[in-house]
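Q: My questions will all concern the structure given below.
The values are calculated or read from the model by the stated rules, or taken from the named source; none is laboratory data. Note that the coordinates shown come from a computational prediction; the quantities given were computed from them, not determined experimentally. Cβ atoms come from the backbone with ideal geometry, glycine included; neighbour counts cover every protein chain shown.
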Amino acid sequence: MERYDRAITIFSPDGHLFQVEYAQEAVKKGSTATTAIPKIKVGVRGKNCVVIGVEKKSIPMLQDDRTIRKIHSIDEHVMLAFAGLSADARVLVDRARIECQSYKLTLEDPVTVGYIARFIANTKQRFTQSPGRRPFGISMLIGGFDFDGTPRLFKTEPSGAYYEYSANSTGRGEKPVREYLEEHYSDETTADETGVLKLVVKALSQVVQSGVQNIEIAIMKPSTEPGHTVDYRILPVEEVEELIKVVDAEKVEAEAEEAAKKAAGSK
């Protein structure tokens, strides 16, 4: 095996850093040797909210599901979800939370979503450029609100690259989900909270079997309570179930209309 396939700091002759590319594969496929969560994650930024939906990972019957967290709140106004190695994610989540606290203590303002996305990306990048380390095998969707009330959504890669999006996905099966979002995301479908929630469920349904046991959804939106700028919550099972019923009913109705049009056109 060539040295550039083993070492993190050596480029291959055609310009690849293979260890970084292997980390990207961990995001897509996970690993049988370590605990991994390669399931699909979807983030959508609406006009007045940010929603992240994740595919739930099946766990052993006797395992406490509270130890398998899919969506994390790293500050009152910032949340994230990840695909890849859960142990790597835990390290970055802890570092991000400390950075949020440090920023607020130093500047007396809450951290911006872009700042913490860049902090996570910079941390990842440093682990691609130093010997004796390996890249973080995770990709993250980071969503939340800036202090001026602007919703933001970012995605970070194992390489340290990060970009802002209106909607995106990560994890196994991300391509068909991203294609669905590109086709259906619009100002109309994301004008209100309900529209964003339905778009997330529909996007997840491209690769996830429909059912409340397979989906978890978190939402952030401006708060109406005194002393709070943002409301963050994980949707209870009952709300997710009702949302899935609405989406399934709309799907059946759309299929019936399409069938009727085809029948009318064939006459």
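Q: Any residue at all in the stretch 182-201 that's assigned to a loop (DSSP other than H, G, I, E, B), in contact with a strand residue (DSSP E or B) (Cβ under 8 Å, 6 or more places away or on another chain) and touching a residue at least 24 places away in the same chain (Cβ under 8 Å)?
A: yes
Q: If you don't mind, there's one more thing I want to ask. Any residue in the stretch 212-239 that's over 14 Å from Gly43 (Cα atoms): show its pairings with residues that are among the polar types (S, T, N, Q) and part of a strand (DSSP E or B) at Cβ separation under 9 Å, as long as the two are six or more apart or on different chains.
A: Once the first residue is over 14 Å from Gly43 (Cα atoms) and sits in the stretch 212-239, its partners that are among the polar types (S, T, N, Q) and part of a strand (DSSP E or B) give Tyr232/Ser73.
Q: Regarding Thr224, is this residue among the polar types (S, T, N, Q), out of contact with any His (no Cβ under 8 Å at 6 or more places or on another chain), crowded, with 21+ Cβ neighbours inside 10 Å and not in a strand (DSSP E or B)? Lay out the reasoning, then the answer.
A: Details: among the polar types (S, T, N, Q): yes; out of contact with any His (no Cβ under 8 Å at 6 or more places or on another chain): yes; crowded, with 21+ Cβ neighbours inside 10 Å: no; not in a strand (DSSP E or B): yes.
The answer is no for Thr224.
Q: Let me confirm something: among Ala117, Ala167, Ala121, Ala96, which residue is farther than 20 Å from Ile219 by Cα, surrounded by 16 or more Cβ atoms within 10 Å (Cβ to Cβ), of a type in the set (Gly, Ala, Ser) and at pLDDT 95 or above?
A: Ala121
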